[in-house]
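Q: Below: one structure in structure tokens.
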Amino acid sequence: MNELIAKLRKEYLNSSLDIRDILKNPIEQFDKWFKEAINAQIEEPNAMALATVNKEGQVSVRIVLLKDYSNEGFEFFTNYNSNKGKDIEFNNNIGLNFFWGILQRQVRIQGYAYKLSEEESEKYFNSRPLGSRISAIISPQSQKNTK
């Protein structure tokens, strides 16, 4: 075993999870914990790992940003032509994971991804800063640079 890695072992004793403290509605529970993450001033508490599967059955994980959540689900945005967009089009089974280390907490979510309406996508896109919109339009996400 790599000694350097073995020495990284940490005991998580600051908090516990008791079923009696869990809200019946999982979205309400997430909302409670998400607000705790914000109040703890965690950098980018909306950063989440997104896991998808491609046509070859390979799993791919990357960090994306949560943009909204409700009883309808969790919203994030991506370029439909990116690898993750293509993966989701092929197989919409996804996994999400939020890790808030300072709170000694993580939230795992499994479900299905669906496209939002064109109107909702455009509304989000137009809310982004101009430079970000220009970059999104001209950047061929997940494409190899052939120059």
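The values are calculated or read from the model by the stated rules, or taken from the named source; none is laboratory data. Given the structure is predicted, the values throughout are model-derived calculations rather than measurements. Cβ sites come from the backbone with ideal geometry, for glycine too, and all protein chains shown count toward neighbours.
Q: Return the total of residues in the stretch 26-59 being free of Cβ contacts under 8 Å to residues at least 40 places away in the same chain, exposed (fewer than 14 other Cβ atoms within 10 Å of the Cβ) and not charged (D, E, K, R).
A: 7
Q: State which residue is modelled with the lowest pLDDT when the search covers only the stretch 1-37 and only residues that are over 23 Å from the mean Cα position of the chain (by Cα) and among the acidic types (Asp, Glu).
A: Ranking the candidates gives Glu11 first.
Q: So, Gln106, is that one within 30 Å of Glu11 (Cα to Cα) and either out of contact with any His (no Cβ under 9 Å at 6 or more places or on another chain) or modelled with pLDDT of 95 or more (or both) or not?
A: Answer is yes for this residue.
Q: Looking only at the stretch 11-24, which residues are without any contact (Cβ under 8 Å) to a residue 40 or more places away in the chain, assigned to a loop (DSSP other than H, G, I, E, B) and within 19 Å of Val107 (Cβ to Cβ)?
A: Matches in the stretch 11-24: Ser16, Leu17, Asp18, Ile22, Leu23, Lys24.
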